[in-house]
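Visitor: Can you read through this structure? Questions will come right after.
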Amino acid sequence: MTKRSEEKFSYAVLVLPALLIYLAVVTFPIIFSILLSLTNYNGGKVFGNPNLKFVGLKSYIFMLTEPTGGFYTALKNNMFIVAVSVFGQIPLGFFLAYFLNQKMIKAKNLFQALIYLPNVISPIIIGILFRSIYYGQNSVYMDIVRIFKPEANFAISSQPIIPVLVVILWMYTGFYMIIFLANMQRIDPQILEAARIDGAKEGQILTHIILPALFGVIVTCSILAITGSLRAFDLIYAMTSGGPAGLTRVLSLYMYSMAFTGAPNYPLANAISTVMILISFILIIVVRVVEKFVSVKE
């Protein structure tokens, strides 16, 4: 066996266990979910089930034409969360990291710990906490309103998803702040010092040195934000359970309600999960296209 063959064999042996685990844990469930969404499965055993039939895209058509419009409401809410994550958490996290890196904030360590703190608290706990703050007749929000208007009663907002978006923005901004701060500290200080000696202003240093150096990190954070937004479940479940009237429901909650509440509709639940994966891929491709477009312009 040649040295090259030995290297290939060694790589194969080292990669094979991880590949098998990935196929078993990720690839197989995705393929199985897609296949199940094309059947009439309603419980019981899957393999050897005489009543199991292939029905094609029936579940997908029902999902897109459902009279209540549950899918479109959930999709709209997910897109709101994606927008808040990509255009809210990431820019805010970036500028907080920039201020910390430039030592513009006193008590740096305390500030950093306070911003990151929500990430170490369970989303379920945060959801229950903010439910008592925003929702209900005896919520903190209503107590404050009654100070100015004693006869006020709690009413369902036309956009009840807004408090959820505020909490999501607050929760995960610290995560991106830490990522940006760590990468800003890797930029060679001599480059920044040379730019200042040459007369560059802080705004020019930010736009011409720091931003280009962190462009790849921004893209990675965008992908993390997109995938995380489409998987949002625990916080919203604890905070609103998708209510009122399903107005705060997201795709993961919609899928959960189809699979585990009332009369289960497993093909529809699997169809929703397949669409979630498809949307995630589409948004990630969009991010990659924008990345290449910006790189070409530079």
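Visitor: Can you give the accessible area per residue of the chain, in Å², using a 1.4 Å probe?
Guide: That works out to 60 Å² per residue.
Visitor: For the range 153-215, what value does the Rg/Rh ratio take when both radii are computed over Cα atoms and Rh is the Kirkwood radius, given to two decimals?
Guide: Here Rg/Rh amounts to 1.30.
Visitor: Ignoring any ligand, DNA or RNA, what whole percent of the accessible area of the range 181-298 comes from carbon and sulfur when the probe is 1.4 angstrom?
Guide: 65 percent
Visitor: So what is the relative contact order of the range 181-298, in percent, for Cα pairs below 8 Å that sit 6 or more residues apart?
Guide: 20 percent
Visitor: First measure r as the distance between the Cβ atoms of residue 64 and residue 197, then evaluate 1/(1 + (r/R0)^6) with R0 = 45 Å and state the FRET efficiency to the nearest 0.05.
Guide: The pair residue 64/residue 197 has a calculated efficiency of 0.15.
Visitor: Beyond 28 Å, what share of the Cα-Cα pairs of the chain remains, rounded to the nearest whole percent?
Guide: 56 percent
Visitor: Could you please put 231, 186, 249 in sequence from largest to smallest accessible area, using a 1.4 Å probe?
Guide: The most accessible residue leads, giving 186, 231, 249.
Visitor: Also, quick follow-up: Using packing as a proxy for protection, rank 27-36, 81-90, 192-201 so that the peptide with the highest average count of other Cβ atoms within 10 Å comes first. Let's see the in-between values first.
Guide: Numbers: 27-36: 13.4, 81-90: 20.2, 192-201: 11.7.
The packing order, highest mean first, is 81-90, 27-36, 192-201.
Visitor: How many percent of the accessible area of the range 22-118 is carbon or sulfur, using a 1.4 Å probe?
Guide: Values: 4310 of 5940 Å².
Of the solvent-accessible surface of the range 22-118, carbon and sulfur hold 73 percent.
Visitor: If you wrap a convex hull around the C-alpha atoms of the range 218-298 and split its volume per residue, what is the figure in Å³?
Guide: 94 Å³
The values are calculated or read from the model by the stated rules, or taken from the named source; none is laboratory data. Fair warning: this is a prediction, and the values are worked out from it, not measured in the lab. Cβ atoms come from the backbone with ideal geometry, glycine included; neighbour counts cover every protein chain shown. When the accessible area is computed, the model is the full protein with side chains, heavy atoms only, and any ligands, DNA or RNA have been set aside. Shrake-Rupley method; radii C 1.70, N 1.55, O 1.52, S 1.80 Å.
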